[in-house]
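Nothing in this text is a laboratory measurement; each read-out follows from the coordinates by a stated rule. Keep in mind that this is a model prediction, so the values were computed, not measured. Here the Cβ is made from the backbone with ideal geometry for all residues, glycine too, and neighbour counts use every protein chain on show.
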Amino acid sequence: MPFMGIEHWTIAICDDDEIFLSRLEKQIRAELQQLNVVGEIVSYTDSEKLLETKLHQTEIFFLDIDMPEVTGMELAAKLEEQNPQAIVIFISNHEEAVFEAIHYKPFRFIRKAYLQAELSEALQSLKKQKEKRARFITLDVKEQQIVLPVKEIVYIESQAHYLLFHVMNSEREEQVVRSRGKISDYAEKMLIFHFLRPGKSYLVNSMWIQNFNLKEITVKTGQHIPVSRDKKEEVKKQYFGYMRSRIYEMD
């Protein structure tokens, strides 16, 4: 298996049918387990109760369209105001509702009669989309935003209150992009892309490593990055895990 980090998704489910709600939550958990995703799931039978929560703290919403008091579409309208980045998946017994639902730009429209197949497809597609988006990072540089492909980042270096992103671009030109931030902000999120942390001031992209020993890492652009004593075993384990994953991918 590839050496990958585990994703964490925050999910809210809202359906006034308690029996179906329980079934849906159980099936979502089973599908996420297959996808190597940890889901923090909260279920609601009352749409007004969901509205009372901090909507901006949840990433994915499964909303039944036909509910008393506040409908799924009305909930989606509220989400557009309070959490415009939210991913909405509508669920309904009424196929014709899809035409009105399109107005809210849902990620998927799942028919309850075809729950198993359509839920599985939706979650697989969502994971692929999230992975595709995650292959880029956006940096604030001198009042503008720069988008960097993760594969072009050789290593990240911390200097005072800034981060230096050492990049080899598609034209094989070395660049250094300077952005304000802390290396701890990137340490966990870059793990899924096989970045190692050999010391408190560096994150190194495994795919750019030319040579590795317990004292230093040499990257393909020629720089030598020290490995601190307390990180030796951790970095060794992660790097060899990455190398094993490359072998499995070639099989």
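With coordinates expressed along the principal axes, the C-alpha atoms belonging to the stretch 7-134 extend over 36, 31, 26 Å, beginning with the largest. Note down the magnitude of the dipole of the stretch 136-250 about its Cα centre, charges +1 on Lys and Arg C-beta and -1 on Asp and Glu C-beta and zero elsewhere, to the nearest 20 debye. The calculated dipole for the stretch 136-250 is roughly 420 debye. Please enumerate, by chain and number, the aspartates and glutamates with C-alpha under 17 Å from the C-alpha of residue 200, excluding those fewer than 8 residues away in the same chain. By straight Cα distance, residue 200 reaches 157, 185, 188, 216, 230, 233, 234.
Could you pull out the pairs from 105/189; 49/182; 151/232 whose alpha carbons sit more than 30 Å apart here?
49/182
Using +1 at the C-beta of Lys and Arg and -1 at the C-beta of Asp and Glu, which of 75, 20, 123 has the Cα lying farthest in the positive direction of the dipole of the stretch 1-159? Farthest along the dipole direction, towards plus: 123.
Looking at the chain, what % of its DSSP beta bridges pair antiparallel, to the nearest 5? Looking only at bridges with both residues in the chain, the antiparallel portion is about 60 percent. For the chain, the mean projected area of the C-alpha convex hull, equal to one quarter of the hull surface, is 16.7 nm².
Across the stretch 136-250, the mean sequence separation of Cα contacts (distance under 8 Å, 6 or more residues apart), normalised by length, yields a relative contact order of 17 percent. Taking the charge dipole of the stretch 7-134 about its Cα centre, with +1 at Lys and Arg Cβ atoms and -1 at Asp and Glu Cβ atoms, the residue from 32, 53, 97 reaching farthest to the positive side is 32.
For the stretch 150-201, averaging the sequence separation of C-alpha pairs within contact (under 8 Å, six or more residues apart) and dividing by the residue count gives a relative contact order of 29 percent.
Hey, quick one: spin label on residue 23, modelled 7 Å out along Cα-Cβ, who in the stretch 86-117 has an amide N within reach, i.e. under 14 Å? Answer for the stretch 86-117: 92-94, 111-117. The dipole here belongs to the stretch 1-109: it is taken about the Cα centre, uses +1 on the Cβ of Lys and Arg and -1 on the Cβ of Asp and Glu, and is about 540 debye. When the Cα positions of 155, 201, 141 are compared along the charge dipole of the stretch 136-250, 201 comes out farthest toward the positive end, with charges on each C-beta of Lys, Arg, Asp and Glu. Going by the alpha-carbon gyration tensor, a ≥ b ≥ c the square roots of its eigenvalues, is the stretch 203-242 rounded (a/c under 1.5) or, if a/c is not under 1.5, prolate (a/b greater than b/c) versus oblate? It comes out oblate by the Cα gyration axes. With Rh defined as the Kirkwood radius, the inverse of the mean 1/r over Cα pairs, the Rg/Rh of the stretch 62-121 is 0.95. Dipole magnitude for the chain: computed about the Cα centre from +1 point charges on Lys and Arg Cβ and -1 point charges on Asp and Glu Cβ, it is near 1900 debye. Percentage of Cα-Cα pair distances in the stretch 136-250 greater than 24 Å, rounded to whole percent? When every Cα pair of the stretch 136-250 is considered, 22 percent fall beyond 24 Å.
Electrostatic bookkeeping for residue 161 treats Lys and Arg as +1 and Asp and Glu as -1; over the other residues with beta carbon under 9 Å from its beta carbon, the sum is +2. Of all lysines in the structure, the ones whose alpha carbon falls short of 16 Å from that of residue 26, not counting any fewer than 8 places away in one chain, are 112. For the stretch 131-190, a/c is less than 1.5, where a ≥ b ≥ c are the root eigenvalues of the C-alpha gyration tensor. That puts it in the rounded class.
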